[in-house]
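Asker: What follows is a single structure, and I will ask about it in a moment.
The values are calculated or read from the model by the stated rules, or taken from the named source; none is laboratory data. Keep in mind that this is a model prediction, so the values were computed, not measured. Please note: Cβ atoms are built from the backbone with ideal geometry, for glycine as well, and neighbour counts cover all protein chains shown. All accessible areas refer to the heavy atoms of the entire protein, side chains included, with ligands and DNA or RNA removed. Shrake-Rupley method; radii C 1.70, N 1.55, O 1.52, S 1.80 Å.
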Amino acid sequence: MSPQPLRVALLGAGTVGAATARLLQGRADLLAARCGRPLELAGVAVRDASRPRDGVDPQLLTTDVEALVDGADVVVEVMGGIEPARTLIERALRRGVPVVTANKQLIAQRGPELHAVADGAGAGLHYEGAVMAAVPVMAVVRESLAGDEITSISGVVNGSTNYVLDLVARKGVPFQDAVRQAGELGYLEADPTEDLEGLDAAAKIVILARTAWDLPVALEDVQRQGISRLTDADFRQAAAHGTVVKLVASAWRSRAGGLDRVEVAVRPVALPQDDPLAQVRESVNVVVIEARSAGTLRLQGAGAGGDETASAVLGDLVRAVRSLP
Ligand SMILES: NC(=O)c1ccc[n+]([C@@H]2O[C@H](COP(=O)([O-])OP(=O)(O)OC[C@H]3O[C@@H](n4cnc5c(N)ncnc54)[C@H](OP(=O)(O)O)[C@@H]3O)[C@@H](O)[C@H]2O)c1
């Protein structure tokens, strides 16, 4: 007898959700083989079910998110925002249903309490896609380096701001024009605050730091400065010194008053041209991890995008299904 399909609830059909729905259905055979049983897309929650979505069967669209969650064996949350995403994830976890999410702000702000619920219910909570999309940095920090001591993590983890900084540094575009061009090309949201003020990068470095050191790290702990107050004079000065300005997110261990601490920062830094972080172009992301035995590891790739994030989401989905009892 062939095994019963596993019912997947997909919350969101935007950039990431639509790509996830398309790939989930297009790769049904591959995913069934990797999971050991078929996956069935049970429904796709949206705010407006009357609007058609590319690659998503209109019959699957629903606005009854709670019913969708309650009938699912696995929940994939790609709607974004804190509420109702948090409540819905908690609802699924309390029933012992594993959850996959790409929601970096939610995990950065409420991750510890969601993990407590997940642990209490014996359900998995997975979020590789929340940090640098398909670049598997979470898996490396959480699993591959579990037997090592990570000493620092630093990276260019926000593609939108890197696109702007790269336009200024390599094409000589004035800073404000570069911000406008990045917006027109879709690299920045209509409200670019989260990118320009370093909030997106802060969420990612907080998640990485917590995972690397298993210590409490909050968004409020991040020494944060975005790029919005940079001026063309700053870029001229950096170039005159043979350096390149990048928005760098970093985390490192420190000891103060006999206590182990984690320091986290996001700020523009003028880097030497040959620094690996200085060399990332356009919207590419890079992260450099230093570990006592492994030495220096560098991971690089597209840190955003529908298909790229969906790749990480599907990887987590397979992981979640494989760890089901
Ligand atoms: N985009 C990326 O490259 C990327 C990369 C990594 C991580 N992420 C994360 O992935 C998540 C999704 O991002 P996205 O870019 O795909 O967002 P998006 O394009 O804005 O899509 C959000 C989707 O969620 C639905 N939604 C929002 N609130 C809802 C509610 N209350 N009830 C039901 N449906 C709701 C929306 O429905 P309607 O369509 O009806 O409005 C839309 O389909 C975010 O947490 C983001 O940080 C995104």
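Asker: What residue, of THR15, THR20, is open to solvent by 30 Å² or more (accessible area, probe 1.4 Å), within 21 Å of GLU128 (Cβ to Cβ) and within 11 Å of the ligand (Cβ to nearest atom)?
Answerer: THR15
Asker: Can you tell me which of ARG261, ARG255, ARG210 is within 25 Å of GLU149 (Cβ to Cβ), basic (Lys, Arg), out of contact with any Leu (no Cβ under 9 Å at 6 or more places or on another chain) and open to solvent by 50 Å² or more (accessible area, probe 1.4 Å)?
Answerer: Selected residue: ARG255, the only one of ARG261, ARG255, ARG210 that is within 25 Å of GLU149 (Cβ to Cβ), basic (Lys, Arg), out of contact with any Leu (no Cβ under 9 Å at 6 or more places or on another chain) and open to solvent by 50 Å² or more (accessible area, probe 1.4 Å).
Asker: Condition test on ALA218, is it hydrophobic (A, V, I, L, M, F, W, C), within 27 Å of ASP148 (Cβ to Cβ), outside the structural domain of ASN158 (by TED's automatic domain parsing) and at pLDDT 95 or above?
Answerer: no
Asker: Pairs, please: C-beta under 6 Å, at least 6 apart or cross-chain, first residue closer than 22 Å to LEU23 by Cβ and in the stretch 54-71, second β-branched (Val, Ile, Thr)?
Answerer: Qualifying pairs under 6 Å: VAL56/VAL44; LEU60/VAL44; LEU61/VAL44; LEU61/VAL46; LEU68/THR62; VAL69/VAL75.
Asker: Kindly evaluate ASP64 against the criterion of being open to solvent by 70 Å² or more (accessible area, probe 1.4 Å) and modelled with pLDDT of 95 or more.
Answerer: Yes.
Asker: If I go through the stretch 250-274 residue by residue, how many of them are within 19 Å of ASP234 (Cα to Cα) and either of a type in the set (A, V, I, L, M, F, W, C) or assigned to a loop (DSSP other than H, G, I, E, B) (or both)?
Answerer: 5
Asker: Conditions first: (1) open to solvent by less than 30 Å² (accessible area, probe 1.4 Å); (2) of a type outside the set (S, T, N, Q); (3) at pLDDT 95 or above. GLY303 passes all but one, so which condition is the exception?
Answerer: (3)
Asker: Could I ask something else about it? What is the number of the single condition among (1) within 11 Å of the ligand (Cβ to nearest atom); (2) at pLDDT 95 or above; (3) in contact with a strand residue (DSSP E or B) (Cβ under 7 Å, 6 or more places away or on another chain) that ASP48 does not meet?
Answerer: Of the numbered conditions (1) within 11 Å of the ligand (Cβ to nearest atom); (2) at pLDDT 95 or above; (3) in contact with a strand residue (DSSP E or B) (Cβ under 7 Å, 6 or more places away or on another chain), the odd one out for ASP48 is (3).
Asker: Which residue, of ALA310, ALA304, is within 16 Å of the ligand (Cβ to nearest atom), part of a loop (DSSP other than H, G, I, E, B) and under 30 Å from PRO98 (Cβ atoms)?
Answerer: Testing whether each residue is within 16 Å of the ligand (Cβ to nearest atom), part of a loop (DSSP other than H, G, I, E, B) and under 30 Å from PRO98 (Cβ atoms) leaves just ALA304.
Asker: Another question, then. In this structure, is GLU83 under 30 Å from GLU220 (Cα atoms) and within 9 Å of the ligand (Cβ to nearest atom)?
Answerer: The answer is yes for GLU83.
Asker: What number goes with the only condition from (1) away from the ligand (no atom under 16 Å from the Cβ); (2) outside any loop (DSSP other than H, G, I, E, B) that VAL100 does not pass?
Answerer: Only one criterion in (1) away from the ligand (no atom under 16 Å from the Cβ); (2) outside any loop (DSSP other than H, G, I, E, B) is unmet by VAL100, namely (1).
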